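What follows is a set of notes on a single structure, which appears directly below.
The values are calculated or read from the model by the stated rules, or taken from the named source; none is laboratory data. Just so we're clear, the structure is a prediction, and the values are computed from it rather than from any experiment. Cβ atoms come from the backbone with ideal geometry, glycine included; neighbour counts cover every protein chain shown.
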Amino acid sequence: MPGTIKHDSRSSTGTLFVCGYPNLWDHISTVRPRRIISILGPNDHAEWPSVTGVDHLRLEIDDVQRPCNGFVHATEAHIRQLLTFLREWTLPDRLLIHCWAGSSRSTAAALVAIAVRHPGRELEAATMLRATAPQARPNELMCRLADNVMGLEGRLVRAVEAMPEPRGVAGTDLIRIRNLGG
């Protein structure tokens, strides 16, 4: 069905991919993305990936749910940077989003990406994400900020709150979401 948000676990033909840092280079080789969003904080103690020939957004955000001493929390400025980058993304270019574990900051950014492509379908996006990635724990602060900046009137926040509790722990799996056209 055109416009349906789909998950594809069998091929690398999807347009949106989410992963963690430990297997990032393997996933970059497999996916060959045109755009990458890296979300790492100083407390991840990881080097920023450097990939030539790829549009790359680097967001320095620790995985925290509120301001905490010694941590960099998400801000509306970060979300505006993310939205600008996402709105410049053209299909069928492949987009890879990663954070340290591939389960919190990156899945929050993936939900924002889907909300940009499919306004009003935030609950469907969160349901699909939970089915695709049972370990996903979208960063609530990032989602609240995105909801506010995008004027979603709480739809993204409610969609995340409606997600069943995550199962398992973040792993090395690559999350694939395809058919993000309108």
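Remarks
- Taking the stretch 90-107 as the range and being buried (at least 20 other Cβ atoms within 10 Å of the Cβ) and either among the polar types (S, T, N, Q) or more than 12 Å from Cys19 (Cα to Cα) (or both) as the test, the residues that pass are Arg94, Ser103, Ser104, Ser106, Thr107.
- Residue in the stretch 37-47 that is touching a Gly at 6+ places or on another chain (Cβ under 8 Å) and either within 17 Å of Trp100 (Cβ to Cβ) or not charged (D, E, K, R) (or both) present: yes
- Wholly within the stretch 104-172, helices (runs of 4 or more DSSP H) carrying at least 1 residues that are farther than 25 Å from Pro67 by Cβ and β-branched (Val, Ile, Thr): 105-117, 122-132
- Of all residues in the stretch 28-53, those satisfying the criterion of being hydrophobic (A, V, I, L, M, F, W, C), at pLDDT below 95 and in contact with a Lys or Arg (Cβ under 9 Å, 6 or more places away or on another chain) are Val31, Trp48.
- Every condition in (1) in contact (Cβ under 8 Å) with a residue 60 or more places away in the chain; (2) touching a helix residue (DSSP H, G or I) at 6+ places or on another chain (Cβ under 7 Å); (3) buried (at least 23 other Cβ atoms within 10 Å of the Cβ); (4) not hydrophobic (A, V, I, L, M, F, W, C) holds for Glu140 except the one numbered (3).
- Filter result for Trp89 (free of Cβ contacts under 8 Å to residues at least 24 places away in the same chain, in contact with a Lys or Arg (Cβ under 9 Å, 6 or more places away or on another chain) and either assigned to a loop (DSSP other than H, G, I, E, B) or within 26 Å of Ala162 (Cβ to Cβ) (or both)): no
- Of the residues making up the stretch 37-83, those that are buried (at least 17 other Cβ atoms within 10 Å of the Cβ) and hydroxyl-bearing (Ser, Thr, Tyr) number 1.
- Members of the stretch 143-168 found to be touching a residue at least 24 places away in the same chain (Cβ under 8 Å) and among the β-branched types (Val, Ile, Thr), listed by number: Val149, Val160
- Index of the failed condition, Arg66 passing every other in (1) touching a His at 6+ places or on another chain (Cβ under 7 Å); (2) not in a loop (DSSP other than H, G, I, E, B): (2)
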